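Student: One structure, as structure tokens, below. Some questions next.
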Ligand code: ATP
Ligand code: MG
């Protein structure tokens with residue numbers, strides 16, 4: 001375990017203040033990348049190192065399972081293994097499962113993965129039909145009402161101006177669906193995701209003995225991403241606390257992106273009122289991103305003061321300019337992004353340090369295909385549950401059968417043997433297609449086996465299967481060494497060296513469904529979350545049309561307005577580019593052939609190009625492509641924008 005003081009040395013004065021505030025209520029309000037997560041992780045480790053905290057008595061609540069996993073690894077590295085880092089759901093589920101038989105008797109009910117079938121049945125009972133978009137809207141209303149502690153009878157009054165209209169249903173109709181949905185769910189012996197929290201809260205509120213037990217187990221609480229806490233989670237948290245005050249929350253009002261689902265940033269704002277005497281600490285230094293990226297992030301709020309927040313100040317050395325790129329169609333966009341990723345990879349950036357972020361999952365397809373064609377491995381977040389994939393289920397079944405207590409050395413080999421039993425190798429496939437996907441998940445199991453073998457040389461197959469089972473239980477999908485494809489929502493709290501925010505056109509960002517100023521502001525915050533994920537490279541792109549040859553009149557997102565000069569249509573930029581199309585060798589002044597530009601060399605003299613010129617060539621290459629009108633690749637860098645503006 002590192003000496004306690006070492007845990008403070010990597011923190012700035014304000015972060016140190018957070019780490020030293022081990023007792024009592026603390027709220028940290030700070031911008032993206034300012035080290036909130038780092039500060040609370042060090043705080044917990046410091047609490048453990050100084051003997052103030054017993055690790056098992058600390059509960060750290062994070063927003064996603066990935067964030068929880070990362071925090072657990074960080075805590076272990078900092079000598080604080082044993083601290084519970086969980087999402088609200090996983091912490092609640094553990095308690096609900098454990099106490100269910102004592103309180104209600106019988107088995108824990110099955111958790112429904114999707115509300116759709118239950119909502120559809122509820123609608124049928126009310127004599128109404130529902131298509132998929134309507135099922136989605138109704139499911140989201142049900143979720144919102146439940147996490148907002150709003151009963152069906154109170155829905156009509158509460159929904160009012162706060163909610164969008166759901167097709168042609170009146171608020172009263174929706175309230176009836178809510179009530180009927182609960183009935184259907186009860187009859188079928190199911191519970192949904194919100195019920196996990198509701199059941200836990202009910203058990204804690206109604207049974208003093210159980211509440212006392214849980215409160216004895218957890219004495220110290222930390223909550224990350226507190227700006228996105230909803231009233232139900234807040235209720236549960238207060239029940240866990242049971243009037244105590246040893247809680248530290250951190251959040252960024254500018255990153256509230258779940259208010260459509262009931263998150264309530266007021267809970268962060270009013271923390272000091274609920275916990276009197278709370279210490280409030282602010283962080284402003286951004287350690288994550290280059291000044292160029294930070295400037296872009298600050299500019300997102302340049303024309304809006306609807307969301308409170310502070311300007312970020314970068315602590316990093318200047319890096320490359322942020323790139324803003326418009327494409328004629330999505331295919332061109334996806335190909336260009338895949339090209340750029342291949343290029344960055346050749347320059348030493350690992351695939352797992354890159355991410356493609358989009359507004360909705362449906363946007364991923366073109367990018368999956370382009371990555372597949374380039375032979376670039378990737379993993380998707382928030383898509384089909386990893387452990388629900390048929391190949392993963394099959395692998396786990398086979399592994400169970402062969403779990404005979406072999407040694408760690410054999411573990412990886414055994415997993416490989418299972419692969420070939422299923423007709424695969426763990427070599428990446430070269431072509432895109434369904435087999436790609438399966439390879440990825442099987443490869444992930446090999447990675448898990450390797451990790452396990454390395455971290456625990458005594459581990460055997462039984463341990464791997466147990467680990468898989470545990471992960472299935474908690475739905476912790478393993479990380480794959482590939483480019484991350486994720487929605488902006490699921491990227492919160494994470495960071496990558498290179499980030500591509502794609503499909504950033506009006507109608508998608510902000511979403512066409514964001515039809516009120518309040519909803520547009522939430523989209524702005526979502527865009528900000530995307531921009532602030534990047535450490536060094538950030539490209540923001542959009543496509544004028546969906547398909548090649550399609551009508552291309554999409555405009556870049558309005559959130560780029562402060563960043564792009566007025567009248568920033570792609571055509572203007574390409575005409576600028578045309579004037580500078582001839583690239584000459586710096587050494588012999590010969591005009592460079594396209595192929596040589598790509599290779600970064602001159603065919604006439606022995607000159608090869610340094611990094612700086614390589615960058616210039618990269619731009620030329622893109623401009624050349626525009627010239628040929630093929631995968632038109634129009635590039636705006638901060639420098640070209642400046643040139644246009646002048
Ligand atoms: P987000 O708002 O996106 O959740 P955050 O405020 O939680 O961001 P972190 O993820 O904790 O920020 O930190 C961002 C990056 O900055 C991380 O790579 C972290 O290691 C680094 N960092 C934070 N504080 C420091 C520091 N004092 N010195 C050096 N690096 C730091
Ligand atoms: Mg964070």
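Derivation of every value follows stated rules applied to the coordinates shown; laboratory data play no part. Predicted model only: the values in this text are computed from it and were never measured. Note: ideal-geometry Cβ built from the backbone for every residue, glycine included; neighbour counts use all protein chains shown.
Student: Which order, highest average first, do 542-555, 205-218, 323-336 follow once you tally other Cβ atoms within 10 Å for each residue and take the mean per peptide? Provide the component values of the computation, followed by the final result.
Tutor: Values: 542-555: 16.1, 205-218: 13.9, 323-336: 24.5.
Top of the packing list down: 323-336, 542-555, 205-218.
Student: Now for a different question. Express in whole angstrom the spacing between the alpha-carbon centres of segment 263-342 and segment 189-210.
Tutor: 36
Student: Here is a further query. How far apart, in nm, are two points set 7 Å out from the Cα along the Cα-to-Cβ line at residue 282 and at residue 515?
Tutor: 3.8
Student: Estimate the FRET efficiency between residue 187 and residue 167 by the formula 1/(1 + (r/R0)^6), using the beta-carbon distance for r and 25 Å for R0, to the nearest 0.05. Please report the intermediate quantities before stating the final value.
Tutor: On the way: r = 25 Å, r/R0 = 1.02.
Computed FRET efficiency for residue 187 and residue 167 comes out at 0.50.
Student: Multiplying the sequence separation of residue 555 and residue 213 by 0.36 nm and subtracting their Cα-Cα distance, what value in nm do you get?
Tutor: Values: separation 342, 0.36 × 342 = 123.12 nm, distance 5.69 nm.
So the extension gain works out to 117.4 nm.
Student: Can you tell me the FRET efficiency between residue 346 and residue 73 if r is taken as the Cβ-Cβ distance and R0 is 22 Å, rounded to the nearest 0.05?
Tutor: 0.15
Student: Still on this model: Label residue 9 and residue 238 with points 7 Å out from Cα along Cα→Cβ: what is the distance between them in nm?
Tutor: 4.4
Student: Right, here's the next one. Could you order the peptides 6-12, 512-518, 25-31, 366-372 from most to least packed, using the average number of other C-beta atoms within 10 Å per residue? Write down the numbers at each step before the final one.
Tutor: Values: 6-12: 16.3, 512-518: 12.4, 25-31: 24.4, 366-372: 21.7.
Listed from highest to lowest mean packing, they are 25-31, 366-372, 6-12, 512-518.
Student: Let me ask something else. Once you have the Cα-Cα distance between residue 308 and residue 202, take 0.36 nm times their residue separation minus that, and quote the gain in nm to one decimal.
Tutor: Full extension of this stretch gives 34.7 nm more.
Student: Here's a follow-up. Taking R0 as 60 Å, what FRET efficiency do you get between residue 591 and residue 20 from their Cβ-Cβ distance, rounded to the nearest 0.05?
Tutor: 0.45
Student: Let me ask something else about it. So, in nm, how far is label residue 104 from label residue 320 when the simple model puts each one 7 Å beyond its Cα toward the Cβ?
Tutor: 5.3
Student: Would you mind putting 288-301, 95-108, 254-267, 48-61 in packing order, based on average other-beta-carbon counts within 10 Å, highest first?
Tutor: For the peptides 288-301, 95-108, 254-267, 48-61, the packing ranking is 288-301, 254-267, 48-61, 95-108.
Student: How much length is gained on full extension from residue 269 to residue 546, taking 0.36 nm per residue of separation minus their Cα-Cα distance? Present the calculation step by step, with values, prior to reporting the outcome.
Tutor: On the way: separation 277, 0.36 × 277 = 99.72 nm, distance 4.13 nm.
Gain on stretching residue 269 to residue 546: 95.6 nm.
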